[in-house]
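Report on one structure; see the data block that follows.
The values are calculated or read from the model by the stated rules, or taken from the named source; none is laboratory data. Bear in mind the structure is a predicted one, so any value in this text is a computation, not a measurement. Glycine gets a Cβ as well: all are built from the backbone with ideal geometry, and neighbour counts include every protein chain shown.
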Amino acid sequence: MTLFKQLLKNPRGRDFIVGDLHGSRPLLEKILDKHDFSPERDRVIAVGDLIDYGEDSLGTLRLLGEPWFFSVAGNHERVIANHRDALAERQLSKAQRADLEAMGSAWLLESYDKLKDDKWDDLITEVMNLISQMPLMIQVGNGPAAVGVVHAELPLWDWDQNIARLERVKKMTYWASTKADPQLDTLLWGRSQVHEVLEGKRPERSVRGIDWVIAGHTITGQPVRDGNRLWIDCGAWDERPGRGLALVEVGDTLAVSAHYHDPSVRTHRFVRRGHHFHSVIDATG
Ligand SMILES: [Mn+2]
């Protein structure tokens with residue numbers, strides 16, 4: 001098993017790509033209801049960071065057990081894995097605990113402190129089993145209409161070259177290791193591309209060999225597009241107005257709806273024909 005996962009085109013229903021959930025399973029369920037989501041036919045692909053900050057990290061991570069739910073890993077899942085041995089043995093150092101606290105992992109630390117050994121064993125085993133099945137890149141569909149999903153950003157400007165690099169590392173090895181891997185860390189931690197886009201520094205750039213690349217990781221007030229790259233972390237766990245969960249329906253057009261806590265909804269539709277994009281806002285409020 002490698003860190004790349006391909007999902008064949010969904011013959012029966014729709015595919016939705018959702019932004020960083022950070023424990024926001026209840027909000028996801030509410031928004032999926034609004035889109036008449038069918039667990040028998042439709043699928044959800046998440047951009048990672050299922051855990052930390054929000055109200056139900058464990059419940060959100062457990063979505064990975066649903067046949068309709070898929071996710072790439074984010075840096076928050078990676079940090080838990082970095083401390084897996086110390087967590088399992090209940091031997092966290094002060095520095096390790098501080099690292100987890102800074103990541104918003106109070107949900108896990110509370111159980112670490114409170115649970116009896118057998119219950120803690122069950123919990124940390126379940127958490128690590130779920131995290132260790134997560135890939136770092138997902139491709140939905142194949143051919144020129146395929147859509148790529150990654151947590152932060154791609155280090156190489158060719159989709160297949162990024163896959164080739166990932167495929168050198170076995171999934172089991174990656175999740176068992178606690179060493180940083182600079183070649184792969186950009187996928188989980190990188191912000192330089194989205195910052196460049198927000199600062200308007202460069203002409204638009206696209207990733208070759210894929211129709212769209214969808215990522216999260218950096219909270220923006222609304223989804224940000226540059227070339228065929230789209231960042232959709234609108235801060236679902238943060239209940240203030242102007243934050244919310246973005247959901248992308250994959251189809252001939254890319255329908256991107258940002259559901260704010262206000263609770264307004266803004267929908268953009270992106271049509272890609274050659275190098276021309278048309279963004280149509282078709283609903284506000
Ligand atoms: Mn992140």
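Below is a table of values for the structure above.
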item	result
Candidates Gly141, Gly148, Gly104 - the one that is in contact with a Lys or Arg (Cβ under 6 Å, 6 or more places away or on another chain) and among the small types (Gly, Ala, Ser)	Gly141
Residue in the stretch 191-210 that is touching a helix residue (DSSP H, G or I) at 6+ places or on another chain (Cβ under 8 Å) and closer than 23 Å to His22 by Cβ present	no
Yes/no for Gln139 being assigned to a loop (DSSP other than H, G, I, E, B), under 19 Å from Asp20 (Cα atoms) and not aromatic (Phe, Trp, Tyr)	no
Condition met for Phe16 (buried (at least 22 other Cβ atoms within 10 Å of the Cβ) and under 13 Å from Glu249 (Cβ atoms))	yes
Scan of the stretch 21-39 for residues that are under 24 Å from Asp252 (Cα atoms) and either in a strand (DSSP E or B) or acidic (Asp, Glu) (or both), ordered by number	Asp33, Asp36
Residues (more than 12 Å from the chain's Cα centre (by Cα) and either among the acidic types (Asp, Glu) or not in a loop (DSSP other than H, G, I, E, B) (or both)) located in the stretch 40-59	Glu40, Asp42, Arg43, Asp52, Glu55, Asp56, Ser57, Leu58, Gly59
Flag if Ser71 is of a type in the set (Ser, Thr, Tyr), closer than 30 Å to Gly13 by Cβ, surrounded by 13 or more Cβ atoms within 10 Å (Cβ to Cβ) and in contact (Cβ under 8 Å) with a residue 60 or more places away in the chain	yes
Residue selected from the stretch 47-57 under the condition more than 10 Å from the ligand (Cβ to nearest atom) and touching a residue at least 60 places away in the same chain (Cβ under 8 Å), by the criterion surrounded by the fewest Cβ atoms within 10 Å (Cβ to Cβ)	Glu55
Matching option when the condition is crowded, with 19+ Cβ neighbours inside 10 Å and over 16 Å from Val47 (Cβ atoms), among Asp252, Asp233, Asp211, Asp262	Asp211
Whichever residue in the stretch 178-231 is more than 19 Å from the chain's Cα centre (by Cα) and among the β-branched types (Val, Ile, Thr) and, among such residues, is nearest to the ligand (Cβ to nearest atom)	Val197
Test result for Thr178, modelled with pLDDT under 95 and among the β-branched types (Val, Ile, Thr)	yes
Among (1) at pLDDT 95 or above; (2) surrounded by 13 or more Cβ atoms within 10 Å (Cβ to Cβ); (3) not hydrophobic (A, V, I, L, M, F, W, C), the one test that Asp113 misses	(2)
Residue in the stretch 58-78 that is of a type in the set (Val, Ile, Thr) and within 16 Å of the ligand (Cβ to nearest atom) present	yes
